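Chemist: Sharing a structure with you now.
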Amino acid sequence: MSSRDARRLLAEELAAAAAAYQVAVVIPHCAECTKPCCRLDPLVLELDWKQLKALWQLEESRTAFDRRLTSGEGPEEVRAGAGLYYIHGKVCPAYDEAHRSCRVYDRELKPSGCTDFPVYQDRNCVIADLRCEAVDLKALATWIARSVGKGYRIVQSADEEFPFLVSLSVRRVAGRREKSFLPGPPA
Ligand code: SF4
Ligand code: SF4
């Protein structure tokens with residue numbers, strides 16, 4: 001197996017492990033969460049125009065909306081930047097407070113950032129956002145280690161600028177070849 005294939009398989013394994021952790025540990029906690037992320041405080045939601053228009057049920061054109069924002073008459077929770085929109089400080093309109101759930105959960109409209117929060121795969125890492133109270137870093141590291149097997153070790157590091165973002169990086173243990181995604185000898 002080439003190194004590229006091995007990296008791809010490892011990435012797939014980590015993505016599956018992160019998704020499984022969300023399903024088994026995070027989502028069951030959402031109904032009783034004391035600080036739901038969908039209230040967007042302290043979290044920031046990043047949307048493109050299509051998503052903003054649909055979620056905020058905007059009727060006007062993008063140009064008219066941007067003009068309204070610039071003049072200070074737009075929704076105060078929305079900021080524009082680099083072609084995107086950033087929402088903070090007000091509950092997402094798709095959040096159902098009564099049922100503690102997302103109304104667009106299974107729809108294409110749901111932003112990828114929502115799907116990824118609070119645990120997602122990035123190359124050979126799983127990133128955990130500790131602003132979610134359901135994340136138990138130690139248990140997550142054990143979860144990932146179990147998924148990839150004994151041929152790897154987990155190295156933990158926090159983002160310098162945003163220390164609530166923690167990387168669980170998967171590093172190969174020298175001399176171990178116990179999983180199918182380990183690269184084989186050169187052909
Ligand atoms: S912060 Fe975590 S537990 Fe709370 S609602 Fe969001 S994903 Fe669920
Ligand atoms: S789109 Fe859904 S998951 Fe994302 S912030 Fe709004 S309610 Fe929450």
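Chemist: What single numbered condition from (1) over 25 Å from residue 25 (Cβ atoms); (2) open to solvent by 50 Å² or more (accessible area, probe 1.4 Å); (3) not aromatic (Phe, Trp, Tyr) fails to hold for residue 116?
Modeler: Exception for residue 116: condition (1).
Chemist: Okay, next question. Condition first: open to solvent by 30 Å² or more (accessible area, probe 1.4 Å) and touching a Leu at 6+ places or on another chain (Cβ under 9 Å). Now tell me which residues in the range 123-136 satisfy that.
Modeler: 123, 124, 130, 131 - these are the residues of the range 123-136 that are open to solvent by 30 Å² or more (accessible area, probe 1.4 Å) and touching a Leu at 6+ places or on another chain (Cβ under 9 Å).
Chemist: Does residue 38 meet the test of being touching a residue at least 40 places away in the same chain (Cβ under 8 Å) and assigned to a loop (DSSP other than H, G, I, E, B)?
Modeler: no
Residue-wise test of (1) away from ligand 1 (no atom under 16 Å from the Cβ); (2) modelled with pLDDT of 95 or more; (3) open to solvent by 80 Å² or more (accessible area, probe 1.4 Å).
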residue	(1), (2), (3)
8	yes, no, yes
24	no, yes, no
31	no, no, no
44	no, yes, yes
49	yes, yes, no
55	yes, yes, no
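Chemist: Related question: Looking only at residues that are part of a loop (DSSP other than H, G, I, E, B) and open to solvent by less than 30 Å² (accessible area, probe 1.4 Å) in the range 76-107, which one is farthest from ligand 2 (Cβ to nearest atom)? Talk me through it step by step, then tell me what you get.
Modeler: As a first pass, look at the range 76-107 and keep what is part of a loop (DSSP other than H, G, I, E, B): 76-77, 82-83, 88-94, 97-100, 103-107.
Adding the requirement that they be open to solvent by less than 30 Å² (accessible area, probe 1.4 Å) leaves 77, 92, 94, 104.
Numbers: 77: 12, 92: 3, 94: 4, 104: 5 Å.
Looking at residues that are part of a loop (DSSP other than H, G, I, E, B) and open to solvent by less than 30 Å² (accessible area, probe 1.4 Å), I get 77.
Chemist: Being within 12 Å of ligand 2 (Cβ to nearest atom) and of a type outside the set (Val, Ile, Thr) narrows it down to one residue among 9, 40; which is it?
Modeler: Exactly one residue qualifies, and that residue is 40.
Chemist: Looking at the range 81-96, I want the residues that are in contact (Cβ under 8 Å) with a residue 40 or more places away in the chain and have a partner that is of a type in the set (Lys, Arg) and away from ligand 2 (no atom under 13 Å from the Cβ) with Cβ atoms under 9 Å, at least 6 apart or on another chain. Which pairs are those?
Modeler: Qualifying pairs under 9 Å: 86/79; 87/79; 88/79.
Chemist: Continuing with this model, one more query. Checking residue 70 against (1) hydroxyl-bearing (Ser, Thr, Tyr); (2) within 22 Å of residue 130 (Cα to Cα); (3) without any contact (Cβ under 8 Å) to a residue 24 or more places away in the chain: exactly one of these is not met. Which one?
Modeler: For residue 70, the failing item is (2).
Chemist: Has the range 141-159 got at least one residue that is part of a loop (DSSP other than H, G, I, E, B), open to solvent by 40 Å² or more (accessible area, probe 1.4 Å), of a type outside the set (Phe, Trp, Tyr) and without any contact (Cβ under 8 Å) to a residue 12 or more places away in the chain?
Modeler: yes
The values are calculated or read from the model by the stated rules, or taken from the named source; none is laboratory data. These numbers come from a predicted model, not from an experiment. For neighbour counting, all protein chains shown are included, and Cβ atoms are generated from backbone atoms with ideal geometry for every residue, glycine included. The protein model used for the area step is the full one, side chains on, heavy atoms only, and it has no ligands, DNA or RNA in it. Shrake-Rupley method; radii C 1.70, N 1.55, O 1.52, S 1.80 Å.
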